[in-house]
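> Starting off with a structure, shown below.
The values are calculated or read from the model by the stated rules, or taken from the named source; none is laboratory data. Not measured: the values here are computed from a predicted model. Note that each Cβ is placed from the backbone with ideal geometry, even for glycine, and that neighbours are counted across all protein chains shown. Just the protein is used for accessible areas: all its heavy atoms, side chains included, with ligands, DNA and RNA removed. Shrake-Rupley method; radii C 1.70, N 1.55, O 1.52, S 1.80 Å.
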Amino acid sequence: NAATPIQPIAGQWSLVWGPVSYTVPGSYYQDNMMYVVKLNGSGSPAQYAVAVRGTNGKVLLDWLMDDFDILKMMPWPPGASGSSVVGNISESTSIALTTLLAMEDHTSGLTLFQFLANEMSNLSVSQASVCFTGHSLGATLSSVLALYARDNQSTWDPETKAIVTAINFAGPSAGDSDFAAYFDQQFA
């Protein structure tokens with residue numbers, strides 16, 4: 001449960017969006033899940049962490065659709081073609097990214113980037129740090145979300161207040177060597 005306090009950080013971070021999850025129609029268990037926490041206080045920069053859950057081991061479809069569907073590749077950025085393609089990501093990563101981008105917080109009704117847009121436009125400080133993080137499949141998906149955030153920052157953060165970072169643990173590669181080189185270039 002994302003809202004359960006964990007020592008020694010209890011009270012330092014507040015849940016500000018989510019948790020939101022996606023369940024494949026007909027399944028009993030959730031697949032993808034993510035949430036956003038914000039560091040309490042009024043310091044600069046404002047600090048946000050976007051956490052993405054890894055594979056739900058109880059969900060066979062999560063394994064099949066998010067972990068093992070890696071042979072077919074899809075262009076990066078999503079929807080690109082021709083010379084605008086800078087690499088390819090696995091079909092499973094592309095599907096999961098589409099799912100994550102569409103998920104809405106039940107309280108606010110906002111998607112992740114609608115929420116971040118509101119936060120950036122209402123900041124009382126001049127800078128923010130937005131860190132995308134996860135483990136295993138969550139690391140793969142959060143790194144792709146971070147790159148998506150960086151590539152599309154002008155749509156949710158037109159004044160470029162946010163510094164977008166990714167801190168991930170034990171994640172498989174999301175794409176081919178061209179995608180990896182592009183990711184490394186964007187996060188050098």
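> Checking the condition in contact with a strand residue (DSSP E or B) (Cβ under 7 Å, 6 or more places away or on another chain) and modelled with pLDDT of 90 or more, which residue from 37, 20 passes? Even if it seems obvious, please write down each step before you answer.
Numbers: 20 fails: modelled with pLDDT of 90 or more.
So the residue among 37, 20 that is in contact with a strand residue (DSSP E or B) (Cβ under 7 Å, 6 or more places away or on another chain) and modelled with pLDDT of 90 or more is 37.
> Something else now. Could you check segment 77-174 for strands (runs of 3 or more DSSP E) lying wholly inside it with 1 or more residues that are in contact (Cβ under 8 Å) with a residue 60 or more places away in the chain, open to solvent by 10 Å² or more (accessible area, probe 1.4 Å) and in contact with a Ser or Thr (Cβ under 7 Å, 6 or more places away or on another chain)?
Details: elements: 87-90, 128-135, 162-169.
Correct list: 128-135, 162-169.
> Given the options 51, 2, name the one that is among the small types (Gly, Ala, Ser), farther than 14 Å from residue 99 by Cα and at pLDDT 75 or above.
Working: 2 fails: at pLDDT 75 or above.
Of 51, 2, the one residue that is among the small types (Gly, Ala, Ser), farther than 14 Å from residue 99 by Cα and at pLDDT 75 or above is 51.
> All but one of (1) more than 16 Å from the chain's Cα centre (by Cα); (2) within 13 Å of residue 34 (Cβ to Cβ) hold for residue 149; state the number of the condition that does not hold.
Single failed check for residue 149: (1).
> Just one of (1) at pLDDT 95 or above; (2) more than 20 Å from residue 15 (Cα to Cα); (3) within 13 Å of the chain's Cα centre (by Cα) trips up residue 181, so point out which.
All conditions pass for residue 181, except number (3).
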